[in-house]
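The values are calculated or read from the model by the stated rules, or taken from the named source; none is laboratory data. None of the values given here were measured: they were computed from a predicted structure. Cβ sites come from the backbone with ideal geometry, for glycine too, and all protein chains shown count toward neighbours.
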Amino acid sequence: MARVRFVVRGMVQGVGFRWFVWREGQRLGLVGVARNMSDGTVEVLAEGNDEALGELERALNRGPTAARVERVDKSDLPREVHLPNSFETD
């Protein structure tokens, strides 16, 4: 199982982005969390197989209809970071 952190930049708060991520995460069988950050980005922490995480990354770049995604940064997520047993929003 791979673990990644995505930071989504652009107009991604107040447009249903976390709900969109939750729905995609559930559909893909991932565990993780999506949360709004104080700098206007959305942080997504996720764990699952490489194929599902790749599909999530493509979805994050697309975003929901009202969002305007400028960039998605991806990095590895250390094992020490706790993730929930399902996909959640914070």
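Going by the conditions given, is V4 among the hydrophobic types (A, V, I, L, M, F, W, C), modelled with pLDDT of 95 or more, in a strand (DSSP E or B) and farther than 21 Å from T65 by Cα? Judged against the criteria, V4 is a match. Among the residues of segment 74-90, just one is surrounded by 13 or more Cβ atoms within 10 Å (Cβ to Cβ), part of a strand (DSSP E or B) and either free of Cβ contacts under 8 Å to residues at least 24 places away in the same chain or of a type in the set (S, T, N, Q) (or both), namely T89.
Under the condition of being in contact with a Ser or Thr (Cβ under 6 Å, 6 or more places away or on another chain) and closer than 14 Å to R62 by Cα, the residues counted in segment 9-33 number 2. Does any residue of segment 22-44 turn out to be over 22 Å from T65 (Cα atoms), touching a residue at least 60 places away in the same chain (Cβ under 8 Å) and in a strand (DSSP E or B)? No - not one qualifying residue is present in segment 22-44. Determine if segment 60-73 includes at least one residue that is in contact with an Asp or Glu (Cβ under 7 Å, 6 or more places away or on another chain) and in a strand (DSSP E or B). Yes: one or more hits. When the criteria are applied in full, R35 fails the requirement of being among the charged types (D, E, K, R), out of contact with any His (no Cβ under 6 Å at 6 or more places or on another chain) and buried (at least 19 other Cβ atoms within 10 Å of the Cβ).
Could you figure out which of (1) more than 15 Å from V8 (Cα to Cα); (2) touching a helix residue (DSSP H, G or I) at 6+ places or on another chain (Cβ under 8 Å); (3) not charged (D, E, K, R) isn't true of Q26? Answer for Q26: the failing condition is (2). On the stretch given as segment 46-70, residues that are in contact with a strand residue (DSSP E or B) (Cβ under 6 Å, 6 or more places away or on another chain), farther than 19 Å from G16 by Cβ and surrounded by 11 or more Cβ atoms within 10 Å (Cβ to Cβ) total 2. Taking the conditions (1) crowded, with 19+ Cβ neighbours inside 10 Å; (2) under 16 Å from F87 (Cα atoms) in turn, R3 satisfies each one other than (1).
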